[in-house]
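This report refers to the structure that appears directly beneath it.
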Amino acid sequence: QGVVMVDFDGGEPTLNPELIPLVKAARQMGYQRINVTTNGRRCVYEKYAASLVNSGLTTLLFSVHGHDARSHAQQVGVAEAFEQTTEGIRNCLRYAPKGVELGMNITVTKGNHDKIDKLAQLCWDLGLRWMNIQFLTPFGKATSWVAPDTQVAANHAMAVMQAWAGKIKFQVI
């Protein structure tokens, strides 16, 4: 009926045991673009990583919110998350078939808005060539606790996009 893309995200889609069958079903239904956004931690298991990137998805985004273990843990609340996520990314890159695009998704917060440059470097160093910079939707109580000054964060984002122009594809959300 004219819908060509489906997106599996929020919560953590890899915790759903039906994710891979759902991706396969979406492909069989004729969806042209199938995205999964994940923290990538389950992809530390090579067999799972290989199954996910070969399930029929067209894009796979990894949520990374800090450029190193300490800053990422401060953002996500799990000490070992950075190592698991980055190893998961490496596994997915190793097993991804041609045509599957992998990228990094960051949510801009008070804790990382001035480190977008370091996140872009991490994106590059991991072998990813696509980065989503996602600004918080301004609603709810948590926004004032988590959201940085929008203009300051936008200035950081613009500087990074200019510095990496032609090397990394950026999308601002």
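The values are calculated or read from the model by the stated rules, or taken from the named source; none is laboratory data. A quick note: this is a predicted structure, and the numbers were derived from the prediction, not measured. Accessible surface is based on the protein model in full, side chains and every heavy atom, while ligands, DNA and RNA are left aside. Shrake-Rupley method; radii C 1.70, N 1.55, O 1.52, S 1.80 Å.
Here Lys118 is the anchor, and the aspartates and glutamates within straight C-alpha reach of less than 12 Å, apart from those fewer than 8 places off in the same chain, are Asp68.
Once the Cα atoms are used to define both axes, helix 116-126 deviates from the longest principal axis of the chain by about 30 degrees. Given a 1.4 Å probe and the protein chains as shown, Asp125 ends up with an accessible area of around 110 Å². Would you compute, from DSSP H runs of 4+ residues alone, the mean residue ellipticity of the chain at 222 nm, taking -39500 (n - 2.57) per run and dividing by the full residue count, rounded to the nearest 500? Calculated mean residue ellipticity at 222 nm is -12500 deg cm²/dmol. Once you reduce segment 99-160 and segment 41-90 to the center of their Cα atoms, the two points are 16 Å from each other. In the full protein context, segment 1-141 carries 51 Å² of accessible surface per residue, based on a 1.4 Å probe and ignoring ligands, DNA and RNA. Using the Karplus relation 6.51 cos²θ - 1.76 cosθ + 1.60 with θ = phi - 60°, the per-residue 3J(HN,Hα) values for segment 86-91 come to 5, 5, x, 4, 4, 4 Hz, with x marking Gly and Pro. Amide H contacts under 5 Å for Phe8: Asn35, Val36, Thr37, restricted to partners 5 or more places along the chain or on a different chain, H placed in the peptide plane at 1.01 Å from N.
In this structure, the amide hydrogen of Lys169, modeled 1.01 Å from its nitrogen in the peptide plane, lies closer than 5 angstrom to those of Trp130, Met131, counting only residues at least 5 positions away or on a different chain. Residue-wise HN-Hα couplings along segment 104-111, as the Karplus relation 6.51 cos²θ - 1.76 cosθ + 1.60 with θ = phi - 60° gives them from phi, are 10, 10, 10, 9, 7, 10, 4, x Hz; Gly and Pro carry x.
Which values of log₁₀ I(q)/I(0), to two decimal places, follow from the Debye formula for segment 43-89 at q = 0.17, 0.29, 0.31, 0.32 Å⁻¹ with a uniform point scatterer at every Cα? The Debye formula, applied to the Cα set alone, gives -0.52, -0.99, -1.06, -1.09.
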